1. Need the list of aspartates and glutamates near B:Lys53 for cross-linking: C-alpha distance under 19 angstrom, and skip anything on the same chain fewer than eight residues off.
2. Suppose R0 equals 30 Å. What FRET efficiency, 1/(1 + (r/R0)^6) with r the Cβ-Cβ distance, do A:Met53 and B:Glu84 give to the nearest 0.05?
3. Name the lysines eligible as straight-distance cross-link partners of A:Lys70: C-alpha to C-alpha under 18 Å, and not fewer than 8 places from it in the same chain.
4. On a full-extension model of 0.36 nm per residue, what is the gain between B:Ser65 and B:Ala39, subtracting their alpha-carbon distance, rounded to one decimal in nm?
5. If you rank B:Val114, A:Val4, A:Val19 by fewest surrounding Cβ atoms within 10 Å, what's the result?
6. For peptide A:44-56, how many partner chain Cβ atoms fall within 10 Å of a residue's Cβ, on average?
7. Please give the average number of partner chain Cβ atoms lying within 10 Å of the Cβ of each residue in B:29-42, rounded to a whole number.
8. Need the full-extension length gain, B:Gln95 to B:Thr5, defined as separation in residues times 0.36 nm minus the C-alpha distance. One decimal, nm.
Amino acid sequence: GEDVEQSLFLSVREGDSSVINCTYTDSSSTYLYWYKQEPGAGLQLLTYIFSNMDMKQDQRLTVLLNKKDKHLSLRIADTQTGDSAIYFCAEESEAGTALIFGKGTTLSVSS
Amino acid sequence: DTEVTQTPKHLVMGMTNKKSLKCEQHMGHRAMYWYKQKAKKPPELMFVYSYEKLSINESVPSRFSPECPNSSLLNLHLHALQPEDSALYLCASSQRVGGMNTEAFFGQGTRLTVV
């Protein structure tokens, strides 16, 4: 079945780069997504990558996709305290009807 | 406007109450979703509406009843809930279900507490 795995916690210092990793199982996923969730809030779409791309950069965010290994990563450059949140990796379900989320990585940024 | 608006933000209800959660989007999206998120867990899909018709029900108990009155609105009617139904209920929308460009936008959620 479909499954998305993430490491649960990451702790970095302000100004450092953060790298959040994700592995997924469904090789037919057309898009892969990163969502951010701050405490008590809904999900904010950060970025997404089309499956035929290797990399996508959007300001401080860089997404790398290794389709052979089914590995996705999100790099946040110059991490700020406001980046502290839970980050969810998500892939489309096999039928393309909804999103399958990973368990989420809690990013903690210390000053 | 890339906003999905959910009301209320917080809801406390007794097990014998009937209440409704509301969701609205004006992006012209034709797919709308209800997800349930327990604390420290990822969102789990409950229902999918495509062109105002229910297309997926992920074996959700009948005490949750979705409704899509028009292409901009999605409701979730609640009746006889249990304390374990307490969670954050998230609404989302996307241009359509499946195919290209299915990025979903989420509302801020309704935090439901059943007492």
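1. Leaving aside aspartates and glutamates fewer than 8 places away in the same chain, those within reach of B:Lys53 are B:Glu24, B:Glu67.
2. Efficiency, rounded to the nearest 0.05: 0.15.
3. Of all the lysines, those that pass the test against A:Lys70 - Cα under 18 Å, at least 8 places apart if same chain - are A:Lys56, A:Lys103.
4. Gain on extension, B:Ser65 to B:Ala39, equals 7.1 nm.
5. If I rank by nearby Cβ atoms, fewest first, I get A:Val19, B:Val114, A:Val4.
6. Going residue by residue through A:44-56 and averaging, the value is 1.
7. 3
8. Length difference between fully extended and current span is 30.8 nm.
All of the numbers you see were taken from the coordinates with simple rules; none came from a lab. Here the structure is a predicted model, which is why all the values come from computation and not from measurement. A quick note on method: Cβ atoms are made from the backbone with ideal geometry, for glycine too, and the neighbour counts reach across all protein chains shown.
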